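Laboratory data are not the source of any read-out in this text; all were calculated from the coordinates shown. Since this is a predicted model, take the numbers as computed values, not measurements. Please note: Cβ atoms are built from the backbone with ideal geometry, for glycine as well, and neighbour counts cover all protein chains shown.
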DNA sequence: GCCTAAACGTTGCATGTCCTAGTATATTCA
DNA sequence: TGAATATACTAGGACATGCAACGTTTAGGC
């Protein structure tokens, strides 16, 4: 997206914020901005790894979720809850995965409102291959030291719990 | 988007990964997934704070950048580089901000290729008001302890530098 | 049993992001 | 000087996300 900047734009913004008189809020602002940017970088790496498989991150996440489900099938609303995305996003992903022959929709046996999503054989293979690619190309050299990984899991885990993602 | 889950879905995925035989990659996977989810939560908070101002995060970022620029004006490509987004994203944001009367395009005095984006008086007011709202509603209680904020800034700063965002 | 309220999935709309291609202008170099 | 190359911005398309509204189906209160 461009050549490296000579200085960290987020650190610069933090200094600006402090000069503006928002001293104690400059650090949280910088941390949050850094999270946004880091997500952007990681997403780009993931998408580029998945591209050869004809998958996007959203679709891969759904495949991976189904792959771990005991029966390889889940109701739409369950997938929405576990992936923490809007139901319309799941509808969108399932539409495309179904068109690619990786998942199939089927009616729920007892509840007429819900739709089950099921992995096809082709979908299961794609899920495994994509997972292997992500492991070797992204997670093996994540750009964080093992100690930092541990810190991130703790810090972000607490954040997500406080934000109401889960209880424990 | 739903009620809290009984268990942390990311911790669960990490356990699944370990059972699958990807032991040492499970932690980086969990950390990266947690960053994705944290970004999603923070973005939702920010968007909801900016909504009353008729702004999105992308447009706010551009306003804030212009507000800190010495002359309140920047070339498009400079904005693209500093915000680390694709040039077409800047075009999109400027289109909408211009329609709302918050910024104005003007030709570069010497280089006929480049377009300058300039903050209008209305735009400067909007930038200040939106910044105040973000400070009080998001950054004042970010959901991270001061110590964790410090760790995040360091960890993510190193990551971004290694990823080629900036040199130093 | 019936009728209202709630849940589920889908569609339409708005937004943002990136990619590819195209047009216009600058710069480089033979 | 003139052609080839590089740069800046824009147009159109693919994709993901969320909100609001809708039709269908189920559940609860009377």
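Values computed for the structure shown
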| quantity | calculated |
| --- | --- |
| Nearest-ten-degree value, helix A:146-162 long axis tilted from longest Cα axis of chain A | 80 degrees |
| Ordering of B:87-95, B:75-83 by packing [mean C-beta count within 10 Å, highest first] | B:75-83, B:87-95 |
| Inter-copy label distances at residue B:70 (7 Å, Cα→Cβ; nm, one decimal) | 6.7 |
| Calculated label separations, residue B:5, copies of the chain, 7 Å along the beta-carbon direction, nm | 3.4 |
| Exam field: residue A:107 pseudo-label spacings to other copies (7 Å along Cα-Cβ), nanometres | 6.6 |
| Interatomic Cα distance distribution for the range B:86-128, bins of 10 angstrom, percent | 28, 50, 22, 0 |
| Average beta-carbon neighbours from other chains, 10 Å sphere, peptide A:106-112 | 0 |
| Normalised contact order of chain A, rounded percent, pairs of Cα under 8 Å and 6 or more residues apart | 18 percent |
| Semi-axis lengths (Å, descending) of the ellipsoid that matches the C-alpha gyration tensor of the range B:88-164 | 33, 21, 10 |
| Extended-chain gain in nm, criterion 0.36 nm per residue less alpha-carbon gap, residue B:158 and residue B:106 | 15.0 nm |
| Pairwise Cα inverse-distance average, inverted: Kirkwood Rh of the range B:8-53 (Å) | 11.9 Å |
| Cα shape, the range B:55-136, gyration tensor, a/c 1.5 rule | prolate |
| DSSP bridge pairs, the protein assembly as shown: antiparallel proportion in percent, nearest 5 | 90 percent |
| Chain A, closest residue to the rotation axis toward B, by beta-carbon, whole angstrom | A:39, 2 |
| Mean Cα-pair separation over length for the range B:55-136, i.e. relative contact order, pairs under 8 Å, 6 or more apart, % | 33 percent |
| Equivalent ellipsoid semi-axes - Cα gyration tensor, the range A:1-158, angstrom | 38, 19, 14 |
| Percent of Cα-Cα distances greater than 25 Å, calculated over the protein assembly as shown | 57 percent |
